[in-house]
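See below for the structure under consideration.
Values in this text are rule-based calculations from the coordinates and carry no lab data. Everything numeric in this text was worked out from a predicted model, so none of it was measured. Because the Cβ atoms are built from the backbone with ideal geometry, glycine has one as well, and the counts that use them run over all protein chains shown.
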Amino acid sequence: MAKVTISTLGKMKAAGEKFVCITAYDATFARIVSEAGAEAILVGDSLGMVLQGHDSTIPVTMDHMSYHTECVSRAANGALVIADMPFMSYPNSDQAMANATRLMQAGAQMVKMEGGTWLSNTISKLVARGIPVCAHLGLTPQSVNTLGGFKVQGRTPKEAKSILADAVEIKDAGASLLVLECVPASLASDISRKLDIPVIGIGAGPGTDAQVLVLHDLLGLTENTARFVQNFMAGQNTIQGAVKAFVKAVKAGEYPTQEHSYQ
Ligand code: KIV
């Protein structure tokens, strides 16, 4: 595929065209995801759960992320490679800079960090030095222990207001993408309309500019029973077919539906 950049994704948002992001952690799946037409590949720290067997993303290290980012970037074939900054790799802007540099040198074209207002200074420093940032709000899995579990966020008016304020602030700080995870569909639509940067949803309903899923979830390989997960292997004979079915469903506006969404 022609090289996807953040400006490609911005233009797709402006044209009302949905785009697709899928996680991958190795070269074979990066190639499959890219050949299926996904515009972006996320080297997610979800690898701690789906590859390493942990019950959270907290044990994932910079060495793990660098290694998997190298593997994916060799086969991304034009798709935008976004690499997750793992737990505690960005407690301040200096450490964030050093660790984001490692991921960019491993082949990422953008890094993703979980958090809102407290990250804005770090985001603006990274962006000013040439490192594009995708922010991640709503259910932020690295904070599972402070959130008290993997729970839907933003259900009360106070929480919703705070997520919206965080989204505006990280956008003003220079983030060029935002992942919104497990928030009510109406809040995600509202934020997607208000921000001029693309918003990628997961468990955030049909109103975002793009969707992301963990590859192993969409292939029906995990025990993730969250309502937003759909097994795209159903009715397919090959992994390639399932990944293409996901890409097609997102682009056609057929996934997610209200049935996959939270209120
Ligand atoms: O690590 C990951 O795969 C993620 C997605 C769930 C958005 O952050």
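In the range 87-139, inverting the average of 1/r over every pair of distinct C-alpha atoms gives 11.0 Å as the Kirkwood radius. Rounded to the nearest 0.05, the FRET efficiency derived from the C-beta distance between T8 and A165 at R0 = 22 Å is 0.15. Across every pair of non-identical alpha carbons in the range 53-103, the mean reciprocal distance, once inverted, gives a Kirkwood radius of 11.8 Å. Each stretch of four or more DSSP H residues adds -39500 (n - 2.57); spread over every residue of the chain, this sum gives -11500 deg cm²/dmol at 222 nm. Counted over the chain with a bin width of 5 Å, the fraction of Cα pairs per bin, in whole percents, is 1, 7, 14, 19, 22, 19, 13, 4, 1, 0. What's the local net charge at N224, with K and R +1, D and E -1, over the other residues with C-beta under 15 Å away? Net local charge, N224 excluded: -2.
How big is the gap, in Å, between the Cα center of the range 81-104 and the Cα center of the range 159-205? Each part's Cα centre sits 21 Å from the other's. Principal axis analysis of the Cα atoms in the range 86-235 yields extents of 45, 36, 30 Å, listed in decreasing size. Each Cα pair under 8 Å and six or more residues apart adds its sequence gap; the mean of these over the residue count of the chain is a relative contact order of 18 percent. Kirkwood's formula applied to the C-alpha pairs of the range 219-263 gives a hydrodynamic radius of 11.1 angstrom. The range 1-45 and the range 230-263 have Cα centres separated by 15 Å. Here M1 and T156 are evaluated by their C-beta separation; at R0 = 41 Å the FRET efficiency comes out at 0.50.
Report, in order of residue number, the helices in the chain meeting two criteria: a C-alpha extent of 20 Å or more along the helix axis, and a mean Kyte-Doolittle hydropathy of at least -1.0; treat each whole DSSP H run as one helix.
Both cut-offs are met by 157-173.
Cβ under 12 Å from Y262's Cβ, Y262 left aside: what net charge do those residues give with Lys, Arg +1 and Asp, Glu -1?
Combined, the nearby Lys, Arg, Asp and Glu give +1.
Legend: Rg and Dmax of the range 153-263, from Cα coordinates, 14.7, 46 Å. By the Stokes-Einstein formula, at 0.692 mPa s and 37 °C, the range 57-163 with its Kirkwood radius over alpha-carbon pairs has D equal to 225 µm²/s.
With K and R counted +1 and D and E -1, the other residues having a Cβ less than 13 Å from that of V127 yield a net charge of +2.
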